[in-house]
Structures are given as structure tokens and as C-alpha cells.
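Asker: First the structure, then my questions, so here it is.
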Amino acid sequence: MSEAVPTLEDYRDVAPPGTVELLRRLSERVRGRRVLHVSTSGKVGGVAEILRRLVPLLEEAGVDAGWESLDGEEAAPQVAVRLHTALQGDEERMPPETFDDFRTFTRARAASLELTADVVVTHDVLPAALVDARPPEGAWVWRCHLDVSRPQRRAWTFLRQFVVKFDAAVFSLPSFAQRLPIPQFLVYPSIDPLSDKNRDLAPSEIDAILAQLGVPRDKPILLQVARFDRFKDPLGVIDAYRLVKRQHDCRLVLVGGAESDDPGGVELSADVREAASHDPDLHVLELPAHARREVNALQRAATIVFQKSTREGFGLGVAEAMWKSKPVIGGFAGGITAQVIYDVTGYTVNSVEGAAFRARQLLADPELCARLGAAGREHVRQNFLITRQLGDELALMATLLR
Amino acid sequence: MSEPTARTAFHFHTCWELPEMLGRRAFDERELLEHLEEVPLDSIYFHTHSSCLRQRGVPGVYPNDFATWAAIQVRDRVLGEKLGIIDPHEYADLESLRAEVVSLIDDHLAQLRSVPRIMFGFGEPFYFMQSRVLEIPTGVKVRTLREFRDALTTIDSGAVYLHLVEARGRKGRRRSDFAAWVDEQLKLPDLAARMGRLNPFQQSLEDIRRRLVTLADEALDRA
């Protein structure tokens, strides 16, 4: 069942004081102006998930907001997938002829789209090429959601020829910024506090969900929610849990899973399951993508949440956990360092031992847990809620239309 | 006795900050110093004055980004402490502040045999930024201390930043807009002096908002 889309007013009680009024005032700068978002897909993926929430809020704020996607009868060329992978630094062969497919596809889609607006925001790889069809009026923004901190040079050089034709670029982290002749703005991703994944749950609801998942609540729960790939280090989390377990009776819950087309992930998943098979306090849960309420309940039931990645994009799971007032022990990677304030909202660690030490410390000191948890919730309230992202989008429009 | 009423109302404004990346990064303290000599003054401002805007609810380890980076990412606690004590409001202008930060790092490096740097994989480089700050009228206008106090409980903390930090740091005013108005319009110099002592580089903006409300309440109780 799809979730109801909240209105701006619904955020009054969860956003920082005065935010709703501030957003309404800010929106006066761009009232009646048209913004058009263009994404690769209108149905699946993180970008579609963000725009589904953001576009109605922009409209409510008085902006004439539109959203187009490149979904069509014909599939996007394979090169888009390859570029996406290569831009994130993974090994990917990029034969020169496939770049022509990319251009041909986007040229055809551009002809069928109405690209006139005061501000046009194209998201990620495929829609970036639409800039070649930009009309003379309007400001164009390239919104990059990918971790392009270490891109394959060949892939970036290809994409860069489009990016330099925009008026501005927007990245999710400072480390993703590139050498570009256009302004590069920073807009952090955000979580929606009213979504099923983050809204308040009654204690009875949490109890029922954990019982359903077969996770008893008789001892402290350590939790990591992340797909099983080596960069999320689930085996490292198990090693840390074992070090903790020597001194504190606790459970570890790993929520994840592996894509069937990822042989490394499938192998890792088997290793994780093997490790869990000898320990009744170690729970491995493979939940479907729509199990948002279940993840919410597990995060609320946890005492400590791990995000022990060795490589990470933004890692919004950290903000989700902090929103539920949980101290987070995170790996020193990607956006985790932007979210975790060391010794204030949690700890960033560089090793299994570091993760175990901090977990032991937190389990021994409930007051420390409470202090870090409360600070984490406040930190998210100020910096990582969708209301802040809405404000950034409005400020970006106002800045470009000055 | 009736409450003093200002001839000129206080208009609360607030702001929204849009951070912008300069594409410059430093991996060690020498590179930090070299970039510091070249970056726009807006970048110096971003990493010192407006740090508190990004720590509005939860103060970080140190009140400016240079100190935090040295202490946390480079693990040079000595430089972190030396930079952490800097109070941006003590400098006449941003060039003086830049000169102080540069000479402090230079003096520190002169005492070391090697240049401290982040360990690969265990520390983040320093990313130089600046920002566009959009000033926004809230529509809230007050004439009495009670109205002022009530407005403080409802406005967002960006307004506290704008009237306290931007007023002095960017607009070059001698004291915060709050202290100036309370003194000049309400003729309450003692309250103005107390408000003037609030330091956004030692407390979060939310703490300061609460403290301002408390100070106003105390003054109202005394009246």
C-alpha cells in the first residue's frame, strides 16, 4: 500500500521551531516560478523516492513544480548502467562505441520532452545529456546523487563534457565535488520523519513486529541495516559483536541481503549465515525493500546501531538511527563522518576493535547512550530532515534566479 | 507601571544558508595554510563565523572548522586547541582573522620536524567552502520586551544567528542587533549588556535562544 503524502503543515511538530514559517517565507522568493526535475526513472530508485515527496512539497510552497522521467518503451542503453558503475569507481569496461548509444537515446528522449522552465534540474547520469537540448532561457542544474569521489577517469571525462554546460552542479558531500568551471553547491540528502520508515511507533507495535521477526527483547540489541557487500563489512560487525559478547550479554541483528546478480554479495551472505548458524543471539534477517516498518521497529528496539562501512555513499541509515535517538557507531567513510559527531552523537571507528570498544563503553553506560541518542536526534532535526532539503531546493532556485 | 515601548519596532529576520564547495582541499597542515592564504574571505567566514549555524542544535568539538579538522582528522590536538580558542568577534575584519589563523598555523609548523597530515583512509581532507546566505524577513515585529521574548520562542534559530553573528561578522556592527535594540529602544542597558555577553562560539544557537528568553523573563520579573 502506498503511503499518504504529508503536507508542509504536518512537519510543524517534528521540524525545528519556526521551520514551516521560514519555508513559506523563503518560498515567496520563487513563488509562481517553474522548476522541472528530470530523473532517469519515475518509478524506482532513490531519486524517484526523494522526488515523490519533494515535488508535492514544492508545489504546496507555491512553486510550479514538474517532474519528468526518461522511462519509456525502449530500455535505457546499457552504457548508462555502465557509466553509473564506473563513475562510482568500480571496474567497468567502456568501449568507445557505446557512448554513441548514450547520445542517441538522450537525443530522442529530449525531442519528446518539454524542457522549458525557470530552473531545470536533471538528476544523475542519463538526463545530464539533455543539456545539449537546453533552450536559451532558464537555469540548468546537474544534481549528482552518486559517490563520484573516485570516478574512473574515462567515464568522468565523458560525462564532464555535459556537466560544464550547466549553470550549477549539486553534490551530496564535499568529497564528491570535482574540478568544474561552474558553482558547485552542497545539498545533503534527507530522511522523511513522517514516512513508514521513520514515523513514531507505539511500543506495542514495536513488540509485535519484533516478535513476528523472531527477535526477543530480553537483552540489548546491536543492529546493522545494510545490504551484504564487503564495503558494509557485516563480517567485521560480527567480529566486533563477539568481542562485545565476552563482557556484555547482547544480541546482534543484521538486516540485509544480497542481489542475486552480485556473486560477491551472495558469497558474503552465505558466510554471514554460516556465522549466525552457531549463535542463537545472532539474527540475520533478509527483508524485502518494502519492509520499512520492520526496519523502523528494529531501529527503535536497538540499543546501539552500527553502520560499520569501509566505503559508503551518504549512508542515510545513520540519520534514520539517530532520529530514533540511538547512538551510532559508524565506519570512517563517506557521509557517515558528516552525520556522526564524534563523542557527541556517536563514534566513528577504523577497526573491529574500535567498534567493539565503543559498543562495550555504551552498553556499560546507559547515561552515555541517552546523551548521545538525544544529541543525535537533535542533530538530525536540524540537518537531515526533508524540510531542510526543501529549504535548500528553494534557496538554490532563489540563488539561480537572482 | 506600563512596559517600555520602542519607537522603532524590532523586525526579526532569519536566513537560509546554501553551502558552496570551492573545489580546494588540504591533506596536511601546510596545504591548509597555503589555501588559507588564497581562498576568498567568504570562505574564512564560512569556516569560522558561520560554523555555529551548522551546529545550531548540537555544538561540535570546537567552534570553528579549522580547529575541528586539526583535532579530529589530523589528530593534532595541540593545533586544534590553539585554533579552537579563536573568537571571530575579536578581530576587526576578516583579513585580520585570516592573518591570525595563518600565523598561528605557521608558528605551530615551525616547531615541528614534519608536517602533520591525515592518515590515508583514516582522516578526511579539509574541504574549503563558502556559502550564499539568503536573508528572509519573518514578518514578526515587536515593540515591547514581552513581545520580544514571546517572538524568541517561536522564530527559528537562523534568526538568532543573523541578528547575533551576521550583524557583527558580516555587517560590521559593534554589537548584536538584540543588544542594540534593547539598549537604544527599550532603554535597558543592563539587559543589553547581559545579552551582549552571550557568545555563539561557546554555546549552540538553541542554547542562546533559551538564554535570551531567560534573560528577558528575569528583566520582566524585576520590572
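The values are calculated or read from the model by the stated rules, or taken from the named source; none is laboratory data. None of these values were measured; they are calculated from a predicted model. As a convention, Cβ positions derive from the backbone with ideal geometry for all residues, glycine included, and neighbour counts pool all protein chains shown. Note: accessible area is taken over every heavy atom of the protein model, side chains too, but ligands, DNA and RNA are not part of it. Shrake-Rupley method; radii C 1.70, N 1.55, O 1.52, S 1.80 Å.
Asker: Can you say whether A:GLU320 is assigned by TED's automatic domain parsing to the domain that holds A:LEU222, assigned to a helix (DSSP H, G or I) and not polar (S, T, N, Q), as far as the supplied structure shows? First the steps, then the outcome.
Answerer: Details: assigned by TED's automatic domain parsing to the domain that holds A:LEU222: yes; assigned to a helix (DSSP H, G or I): yes; not polar (S, T, N, Q): yes.
Spelling it out, A:GLU320 is indeed assigned by TED's automatic domain parsing to the domain that holds A:LEU222, assigned to a helix (DSSP H, G or I) and not polar (S, T, N, Q).
Quick grid of which residues meet (1) more than 30 Å from A:ARG179 (Cβ to Cβ); (2) at pLDDT 95 or above; (3) of a type outside the set (Val, Ile, Thr):
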position	(1), (2), (3)
B:PRO116	no, yes, yes
B:PHE120	no, no, yes
B:GLU124	no, no, yes
B:MET129	no, yes, yes
B:ARG143	yes, yes, yes
B:GLU147	yes, yes, yes
B:THR154	yes, no, no
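Asker: Please go through segment B:117-130 and give me each residue that is closer than 20 Å to A:THR337 by Cβ and either within 11 Å of chain A (Cβ to nearest Cβ) or crowded, with 18+ Cβ neighbours inside 10 Å (or both), ordered by number.
Answerer: First, the residues of segment B:117-130 that are closer than 20 Å to A:THR337 by Cβ: B:117-129.
Across segment B:117-130, the qualifying residues are B:ARG117, B:ILE118, B:MET119, B:GLY121, B:PHE122, B:GLY123, B:GLU124, B:PRO125, B:PHE126, B:TYR127, B:PHE128, B:MET129.
Asker: Tell me which of these A:ASP13 doesn't satisfy, since it passes every other one: (1) within 14 Å of chain B (Cβ to nearest Cβ); (2) open to solvent by 70 Å² or more (accessible area, probe 1.4 Å); (3) assigned to a loop (DSSP other than H, G, I, E, B); (4) touching a Pro at 6+ places or on another chain (Cβ under 8 Å).
Answerer: With (1) within 14 Å of chain B (Cβ to nearest Cβ); (2) open to solvent by 70 Å² or more (accessible area, probe 1.4 Å); (3) assigned to a loop (DSSP other than H, G, I, E, B); (4) touching a Pro at 6+ places or on another chain (Cβ under 8 Å) applied to A:ASP13, the lone miss is (4).
Asker: Scan segment B:194-208 for residues that are crowded, with 21+ Cβ neighbours inside 10 Å and under 16 Å from B:TRP181 (Cα atoms) and report the count.
Answerer: Count: 1.
Asker: Specify which of the listed residues (A:THR310, A:THR399) is more than 30 Å from A:PRO56 (Cβ to Cβ) and either modelled with pLDDT of 95 or more or open to solvent by 10 Å² or more (accessible area, probe 1.4 Å) (or both).
Answerer: On the way: A:THR399 fails: more than 30 Å from A:PRO56 (Cβ to Cβ).
Answer to the selection: A:THR310.
Asker: Sticking with this structure for a sec: Please pick out the residue among B:ARG222, B:ARG173 that is closer than 22 Å to B:PRO137 by Cα and open to solvent by 70 Å² or more (accessible area, probe 1.4 Å).
Answerer: Numbers: B:ARG222 fails: closer than 22 Å to B:PRO137 by Cα.
Exactly one residue qualifies, and that residue is B:ARG173.
Asker: Sticking with this one: Give segment A:200-237 a look and list any residue that's more than 13 Å from A:SER269 (Cα to Cα), outside any helix (DSSP H, G or I) and in contact (Cβ under 8 Å) with a residue 40 or more places away in the chain, or say none.
Answerer: Listed by number, the residues that qualify are A:LEU201, A:GLY214, A:VAL215, A:ARG217, A:LYS219, A:PRO220, A:ILE221, A:LEU222, A:LEU223, A:GLN224, A:VAL225.
Asker: Could you list, in sequence order, all residues of segment A:316-339 that are open to solvent by 10 Å² or more (accessible area, probe 1.4 Å), within 14 Å of another protein chain (Cβ to nearest Cβ), out of contact with any Lys or Arg (no Cβ under 9 Å at 6 or more places or on another chain) and touching a residue at least 24 places away in the same chain (Cβ under 8 Å)?
Answerer: Selection gives A:ALA338 alone.
Asker: Do you know which residues across segment B:148-167 are buried (at least 22 other Cβ atoms within 10 Å of the Cβ) and either among the polar types (S, T, N, Q) or not assigned by TED's automatic domain parsing to the domain that holds B:VAL182 (or both)?
Answerer: B:SER157
Asker: Quickly run through segment A:354-387 and pick out the residues that are within 14 Å of chain B (Cβ to nearest Cβ) and either open to solvent by 50 Å² or more (accessible area, probe 1.4 Å) or of a type in the set (D, E, K, R) (or both).
Answerer: Within segment A:354-387, A:ARG371, A:ALA374, A:ARG377, A:GLU378, A:ARG381 qualify.
Asker: Shifting gears a bit: Limited to segment A:197-238, what total is found for residues that are of a type in the set (S, T, N, Q) and open to solvent by 40 Å² or more (accessible area, probe 1.4 Å)?
Answerer: Within segment A:197-238, the first condition is being of a type in the set (S, T, N, Q), and the residues that meet it are A:198, A:204, A:212, A:224.
Right, trim to open to solvent by 40 Å² or more (accessible area, probe 1.4 Å) and you get A:204, A:212.
Residues that pass the stated criteria total 2.
Asker: Please enumerate the residues belonging to segment B:1-46 that are assigned to a helix (DSSP H, G or I) and either within 12 Å of another protein chain (Cβ to nearest Cβ) or farther than 26 Å from B:ALA159 by Cβ (or both). Steps first, answer last, please.
Answerer: Of the residues in segment B:1-46, the ones assigned to a helix (DSSP H, G or I) are B:29-38, B:41-46.
Answer for segment B:1-46, where residues must be assigned to a helix (DSSP H, G or I) and either within 12 Å of another protein chain (Cβ to nearest Cβ) or farther than 26 Å from B:ALA159 by Cβ (or both): B:GLU29, B:ARG30, B:GLU31, B:LEU32, B:LEU33, B:GLU34, B:HIS35, B:LEU36, B:GLU37, B:GLU38, B:PHE46.
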